[in-house]
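Report on one structure; see the data block that follows.
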Amino acid sequence: MTRVSEKGKALTYFKASLCLSVLYMLFYSLVAVSAGFAETVKVTIAHTNNLNGRLFAYKTSE
Amino acid sequence: MLGGLARRVASVDKLKAEKHPVILVDSGRLFKDPRVGEDAEKVSMNARLISRAYSRMGVHAVNVGDLELLQGIPFLKEQASQGLNLISANLVDASSKKTIFPPYFIYNVENFRVAFFGLLSSDMGQEIRKAMGEDAVAIDPVKTAEEMVARLREEADIVILLSSLGLDKEREIISKIPGIHFVMGGHEGRFFHTMLKESETFVVQSYWAGMYTGRLDLTLKNTTSIFHDAGEKFRIKKEIADLDRRLERIKIVLDEGKSNVLEFTYQKITKKRAQLQETLDSLNRLPYTENLFKWQMVPLDNSYREDREVVDWIRKAGFTASAKK
């Protein structure tokens, strides 16, 4: 009897968490993404300009 | 000692080893100016070496500048076919009016699309026109920017202009065309400790001769948000701390009754401090969902080793440090 009840509880928790996950995914895809919100993403841009054909290091004394 | 091609290649390898994605871009004027008197063949060999190194680094986009044009379109097409990712939105074929190189480049990172488009000046001297030949022409950069921004706002979330126009023309574009997030410029080769803010656009250049790398770290949270300078809070906090120290020193003098002259200075600094605190408070109130950026100029100093393969290329091509001029 007790074993059945624990199984039932576990199943209920499983169903509830599954339901919450689905709801979160629905919210994220339908509301958050369309409103422009997304996961935080980091990206680095490395920029150069005016190399002017310089092959060698620049000495501060130059 | 700052810069050097072999050191740049090594620094890029180091940067690529970081956890998050790295986009490598150049605003142009990559090659040597052949008009300064050096042997044309040597200048061309120098340009080939640089192209090879930039291809090896996997630079995602190189904007065509005036010094590139001096090498001629066939040369540039050859370099592009060998892996140099040249872009230009306003360098077009004279008859078809189609761009000679891709006008833009889009980098996809997770849910974000970062677009780069390239522009160069259409006002160019006779020597550049001659080197370009009759088949190529640079059309109006302002009109091109207008068309590009309209298109890229549809196709991307972040729009970045790689410019070889110079600051005055860039300001004109920003004032006429909203929607560009960053202008990464060149031409003058200025040093920018912090980004210059023009309307909602941030402008920057990364000095010259390859001595520094301009590093722009983006924290993207929202595809529709504008950008805020993450370094601003740090700078304001530091400035407030400096003012507090000054106020403390002045207060000691005032309390001792030695001088009343400093009273005015005390009031002035107090007012400035209050203004800074107000700015800091408003920055602290920014919602979590706003996009942030951090800009820094990274010196290519001796802490970076030189890439041995590139050193070898340079040596085999006959270039030596003492004969570099």
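The values are calculated or read from the model by the stated rules, or taken from the named source; none is laboratory data. Treat the numbers as computed from the prediction; the structure is a model and nothing was measured. Every residue, glycine as well, gets a Cβ built from its backbone with ideal geometry; the counts of neighbours run over all protein chains shown. Heavy atoms of the whole protein, side chains included, go into the accessibility calculation; ligands, DNA and RNA do not. Shrake-Rupley method; radii C 1.70, N 1.55, O 1.52, S 1.80 Å.
Here are a few things to note about the model shown:
- All positions within region B:29-69 that are of a type in the set (Phe, Trp, Tyr) and in a loop (DSSP other than H, G, I, E, B): B:Phe31
- Residues of region A:23-62 that turn out to be open to solvent by 50 Å² or more (accessible area, probe 1.4 Å) and modelled with pLDDT of 75 or more, as a count: 9
- Selected residue (criterion: farthest from B:His20 (Cα to Cα)) from residues of region B:84-105 that are aliphatic (A, V, I, L, M) and buried (at least 16 other Cβ atoms within 10 Å of the Cβ): B:Val92
- Conditions (1) over 18 Å from the mean Cα position of the chain (by Cα); (2) more than 26 Å from B:Leu24 (Cβ to Cβ); (3) charged (D, E, K, R): number failed by B:Glu154: (2)
- B:Leu283 vs. criteria more than 30 Å from B:Ala6 (Cα to Cα), in contact with a helix residue (DSSP H, G or I) (Cβ under 9 Å, 6 or more places away or on another chain), open to solvent by less than 30 Å² (accessible area, probe 1.4 Å) and not charged (D, E, K, R): yes
- Across region B:34-78, the qualifying residues are those that are more than 23 Å from the chain's Cα centre (by Cα) and of a type in the set (A, V, I, L, M, F, W, C), and the one among them that is surrounded by the most Cβ atoms within 10 Å (Cβ to Cβ) is B:Val43.
- Residue check for B:Ile240: within 24 Å of B:Lys294 (Cα to Cα) and either hydroxyl-bearing (Ser, Thr, Tyr) or surrounded by 13 or more Cβ atoms within 10 Å (Cβ to Cβ) (or both): yes
Residues are listed down the side, and each one gets a yes or a no for (1) more than 9 Å from every other protein chain (Cβ to nearest Cβ); (2) open to solvent by less than 10 Å² (accessible area, probe 1.4 Å); (3) among the β-branched types (Val, Ile, Thr):
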{"site": "B:Ala156", "(1), (2), (3)": "yes, yes, no"}
{"site": "B:Gly166", "(1), (2), (3)": "yes, yes, no"}
{"site": "B:Ser175", "(1), (2), (3)": "yes, no, no"}
{"site": "B:Ile180", "(1), (2), (3)": "yes, yes, yes"}
{"site": "B:Tyr207", "(1), (2), (3)": "no, no, no"}
{"site": "B:Leu216", "(1), (2), (3)": "no, yes, no"}
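- Only a single item in (1) more than 11 Å from every other protein chain (Cβ to nearest Cβ); (2) closer than 30 Å to B:Thr213 by Cα; (3) open to solvent by less than 50 Å² (accessible area, probe 1.4 Å) is not met by B:Met297, and it is number (1).
- Inter-residue pairs, beta-carbon under 7 Å, first under 19 Å from B:Met195 (Cβ atoms) and in region B:220-248, second open to solvent by less than 70 Å² (accessible area, probe 1.4 Å) and part of a helix (DSSP H, G or I), 6+ apart: B:Glu232/B:Leu283; B:Lys233/B:Leu280; B:Lys233/B:Leu283; B:Ile236/B:Leu276; B:Ile236/B:Thr279; B:Ile236/B:Leu280; B:Lys237/B:Leu280; B:Glu239/B:Leu276
- Any chance B:Lys19 is open to solvent by 10 Å² or more (accessible area, probe 1.4 Å), touching a residue at least 24 places away in the same chain (Cβ under 8 Å) and either at the interface with another protein chain (Cβ under 10 Å from one of its Cβ atoms) or part of a strand (DSSP E or B) (or both): no
- Criterion violated by B:Ile226 - all others in (1) surrounded by fewer than 17 Cβ atoms within 10 Å (Cβ to Cβ); (2) of a type in the set (Val, Ile, Thr); (3) away from chain A (no Cβ under 14 Å) satisfied: (3)
- You will find that of B:Glu306, B:Glu248, B:Glu263, the residue that is outside any helix (DSSP H, G or I) and open to solvent by 70 Å² or more (accessible area, probe 1.4 Å) is B:Glu306 and no other.
- Filter pass, B:Gly133 being in the same structural domain as B:Ile23 (by TED's automatic domain parsing), of a type in the set (Gly, Ala, Ser), modelled with pLDDT under 95 and surrounded by fewer than 20 Cβ atoms within 10 Å (Cβ to Cβ): yes
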